[in-house]
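Report on the structure given below.
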Amino acid sequence: MNHLSRTAFLDVKSKPAVQAELLWVYRGKADPLIWSQFVDAPCTVIFVEKGAIELEWEGGSTRCEADDVFLGREGIRRHRVKKGTILFSIGFDFHWSNGLSVFDKGLNLRLVQGRTRSRPCRQLAKVSLKLFQRLHPGRRYISFKESLKDDPGDLFAYSLGKAVSWEWFQELLQALAALKISPAVPGSEDSVVRKVREMLDAWPLDKPFTLEKITPHAAVGWRRVQQLFRKELRVTPRDYFERRRLLQAKARLREAGVSIKEVASELGFQNLPHFSVWFRNRIGKPPRSFQLDR
């Protein structure tokens, strides 16, 4: 391989990769709630077809009514719904290969009635309905629990499902671009944040995280590191590291034949109940229930 080819190859390898996965495609009558628990929710698109839903997150809240659309960012969130509410909801993981969310800013956005008739939202609603019909043929509604089950049937059906999923992600990107919501491309953060984040990305998930061992390499004090992280990534360094652990836990628990004890050990938990409490506090359900829902 000559120098020019090697340079081009390394340039391709260095480009950030995107990991995209649908978690559910749900359409149905939502159970009325006083308030749900706060959970670490993924990115979500919610079309309110009937009734109303209220959502709360750190630093904000909103109420969406019929014909409204909610574009939710990844993070701690809770909700409650009005009796008789019908929701069309799509939950998804959308990350760069280092675990950073593709859209970390600009979401938790309510698109009110009228704006939902804009072309980007109309097109997103159209392709979302196509996605639902492809994944749940012949169904008008489906329960949330049913929507969590992933049974592609065969390789051909799996490939078709992936193709429709990517078509939906492309429409989502176009809708967000029309709303002037840009992706958080890795490498655009402050150099200090980038250096600390790279260290956190390389930190073994089974080893206790201590900021004191990282800040001497950042050329600034730990308080400044905390400030820069909150400004650029909207999380603390510890939250960033814990999100890495959570993503790994969810990925491993989705694999067939993997025990909860095995996952707990890989993440440095010596006590299985401790891991179960840690996981439930972030997901809203224990590891066993998460495995049964996959």
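Highlighted here are the helices (runs of 4 or more DSSP H) found entirely within region 243-294 that include at least 3 residues which are modelled with pLDDT under 90: 272-283, 287-293.
Which residue is nearest to PRO208 (Cα to Cα), if the candidates are limited to region 228-242 and must be of a type outside the set (Ser, Thr, Tyr) and part of a loop (DSSP other than H, G, I, E, B)? Step by step, filter region 228-242, then rank; the result is VAL235.
Answer yes or no as to whether ARG78 is in the same structural domain as PHE132 (by TED's automatic domain parsing) and under 17 Å from ASP104 (Cα atoms). No: the conditions fail for ARG78.
If we scan region 64-72, do we find a residue that is of a type in the set (Val, Ile, Thr), at pLDDT 95 or above, in a strand (DSSP E or B) and not assigned by TED's automatic domain parsing to the domain that holds PHE279? Before you say what the answer is, go through the steps one by one.
The initial filter retains those residues of region 64-72 that are of a type in the set (Val, Ile, Thr), namely 69.
Of the ones still in play, those that are also at pLDDT 95 or above are none.
Checked region 64-72: no residue is of a type in the set (Val, Ile, Thr), at pLDDT 95 or above, in a strand (DSSP E or B) and not assigned by TED's automatic domain parsing to the domain that holds PHE279.
The values are calculated or read from the model by the stated rules, or taken from the named source; none is laboratory data. What you see is a predicted model, and the numbers here were worked out from it, not measured in a lab.
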